Amino acid sequence: MKRILVTGGAGFIGSALIRQLITETDVQVVNLDKLTYAASVTSLESVSRDPRYRLETIDVCDAINVARVLREFRPDAVVHLAAESHVDRSIDGPATFVQTNIVGTYVLLEQCVRYLRESPTPEFRFHHVSTDEVFGSLGVDGAFTEETPYDPRSPYSATKAASDHLVRAWSHTFGLPILLTNCSNNYGPYQFPEKLIPLMILKGLAGEPLPVYGQGENVRDWLHVNDHARAIRTVLERGQLGRSYNIGGSAERTNLAVVHSITDLLDELAPSSSQRPHRRLISFVKDRPGHDLRYAMDCGRIRKELDWRPRETFETGLRNTVMWYLENQAWWEPLTKGRYSGERLGLAASTADKKGAA
């Protein structure tokens, strides 16, 4: 039976991956997670009692305990998802992103190299999960390919770009067998409510203003988290070592169009809501500093080489997501009361602002 170590497995994407691994495959999984504010052990409640699953509450920067888990579990693969991921929070506090995303990746790479030296594992793979944001911002045309030069624009994307470079360097210099994927914006069940789609759903249900940055013209490609988890599994199983793969949902939408879709679904799926029509709640607010205009992914490589395609359209995925939040208040309500109440993030003043520059 194969053994897979997943870092950040109590997060949004990690928990979706682990649920699939335990319910759809015959593998053992160890979840290495620090359990930060955005993690949720309840997202894994459906598999938590399975004897093939184990949680290790460990910071990925903790070299001693990372080494211990590798030595005890002897994984055939590592899927590295542990990361700080919210752009707005990276603007307010970049240091945490540098520590987790860069230093944490370095620690994990070092310990994996040592593990393989001590316990050679012929089929071992280190799969690093990254983001489309490392490529920068697009104009109205074109799409990111795996060869697009890196051009990160936020503290978050800069730290993810740095971690990507570390992974490639450890492959080239130390021979670590690696795979790398860059994904577009994820959405779906169990997403922490600071992100756009769950934030709009929950604020809409509460009758609160729906804050849209700028004029809502920024474009993202939306990928359902379950499709992303299936793509990770596909690359892990059949991807070419040393290669990177773009993963996207082929679902470009402006932020305003996404919010319109959410409000219309709330009107339909919550007909007794006193907030109908929910579009009246939309409020345009000051834009995020350095807000990239557009991301779009060319997923030709993973489609042609590995025959992966998303199963969800944006319409089916968003409908299912809104329904899930309507039906699972017991999951999200404790988060909104104890960890995040919907306040605006990412408005830290720039140096120019502090000096009074225009």
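Does any residue of segment 283-292 turn out to be within 24 Å of Asp88 (Cβ to Cβ) and part of a helix (DSSP H, G or I)? No: zero hits.
Within this structure, Val113 passes the test of being surrounded by fewer than 18 Cβ atoms within 10 Å (Cβ to Cβ), touching a helix residue (DSSP H, G or I) at 6+ places or on another chain (Cβ under 6 Å), outside any loop (DSSP other than H, G, I, E, B) and in contact (Cβ under 8 Å) with a residue 12 or more places away in the chain. Flag: Glu84 matches the condition of being part of a loop (DSSP other than H, G, I, E, B) and either surrounded by 19 or more Cβ atoms within 10 Å (Cβ to Cβ) or modelled with pLDDT of 95 or more (or both).
When Glu312 is tested against (1) at pLDDT 95 or above; (2) surrounded by 15 or more Cβ atoms within 10 Å (Cβ to Cβ); (3) assigned to a loop (DSSP other than H, G, I, E, B); (4) out of contact with any Asp or Glu (no Cβ under 6 Å at 6 or more places or on another chain), just one condition goes unmet, and that condition is (4).
Where residues in segment 196-242 are part of a helix (DSSP H, G or I) and of a type in the set (Val, Ile, Thr), which of them is farthest from Asn320 (Cα to Cα)?
In the first step, residues of segment 196-242 are kept if they are part of a helix (DSSP H, G or I); the result is 196-206, 225-238.
Then drop every residue that is not of a type in the set (Val, Ile, Thr), which leaves 197, 201, 225, 232, 234-235.
Details: Ile197: 12, Ile201: 12, Val225: 12, Ile232: 21, Thr234: 23, Val235: 26 Å.
Per the criteria, the residue is Val235.
Could you tell me whether Arg303 is under 19 Å from the mean Cα position of the chain (by Cα) and without any contact (Cβ under 8 Å) to a residue 40 or more places away in the chain? Taking the combined requirement at face value, the residue does not satisfy it.
Restricting segment 165-195 to residues that are small (Gly, Ala, Ser) and either without any contact (Cβ under 8 Å) to a residue 60 or more places away in the chain or part of a loop (DSSP other than H, G, I, E, B) (or both), the residue that is nearest to Arg279 (Cα to Cα) is Gly188.
State yes or no: is Pro177 surrounded by fewer than 23 Cβ atoms within 10 Å (Cβ to Cβ) and not hydroxyl-bearing (Ser, Thr, Tyr)?
Yes.
Scanning segment 4-26 for residues that are over 18 Å from the mean Cα position of the chain (by Cα) and crowded, with 16+ Cβ neighbours inside 10 Å, which turns out nearest to Ile232 (Cα to Cα)? Filtering first and then ranking leaves Ile4. Looking only at residues that are of a type in the set (A, V, I, L, M, F, W, C) and part of a loop (DSSP other than H, G, I, E, B) in segment 1-57, which one is nearest to Arg74 (Cα to Cα)? Taking the candidates together, the pick is Met1. All conditions but one from (1) without any contact (Cβ under 8 Å) to a residue 60 or more places away in the chain; (2) touching a helix residue (DSSP H, G or I) at 6+ places or on another chain (Cβ under 8 Å) apply to Ala251; the one that does not is (1).
One line per residue, one yes/no per condition, for (1) of a type outside the set (Gly, Ala, Ser); (2) under 30 Å from Leu179 (Cβ atoms); (3) in contact with a Phe, Trp or Tyr (Cβ under 6 Å, 6 or more places away or on another chain):
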| position | (1), (2), (3) |
| --- | --- |
| Arg233 | yes, yes, no |
| Gly242 | no, yes, no |
| Leu256 | yes, no, no |
| Arg279 | yes, no, no |
| Leu293 | yes, yes, no |
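Here segment 33-61 is the region considered, the condition is being surrounded by fewer than 18 Cβ atoms within 10 Å (Cβ to Cβ) and of a type in the set (Val, Ile, Thr), and the residue that is nearest to Ser163 (Cα to Cα) is Thr36. Can you name the number of the only condition in (1) assigned to a helix (DSSP H, G or I); (2) under 29 Å from Thr173 (Cα atoms) that Tyr245 fails? The number of the failed condition is (1). Being among the hydroxyl-bearing types (Ser, Thr, Tyr), touching a residue at least 12 places away in the same chain (Cβ under 8 Å), out of contact with any strand residue (DSSP E or B) (no Cβ under 7 Å at 6 or more places or on another chain) and exposed (fewer than 15 other Cβ atoms within 10 Å of the Cβ) is not true of Ser261.
The values are calculated or read from the model by the stated rules, or taken from the named source; none is laboratory data. Note that this is a predicted model, so its numbers are computed, not measured. Cβ sites come from the backbone with ideal geometry, for glycine too, and all protein chains shown count toward neighbours.
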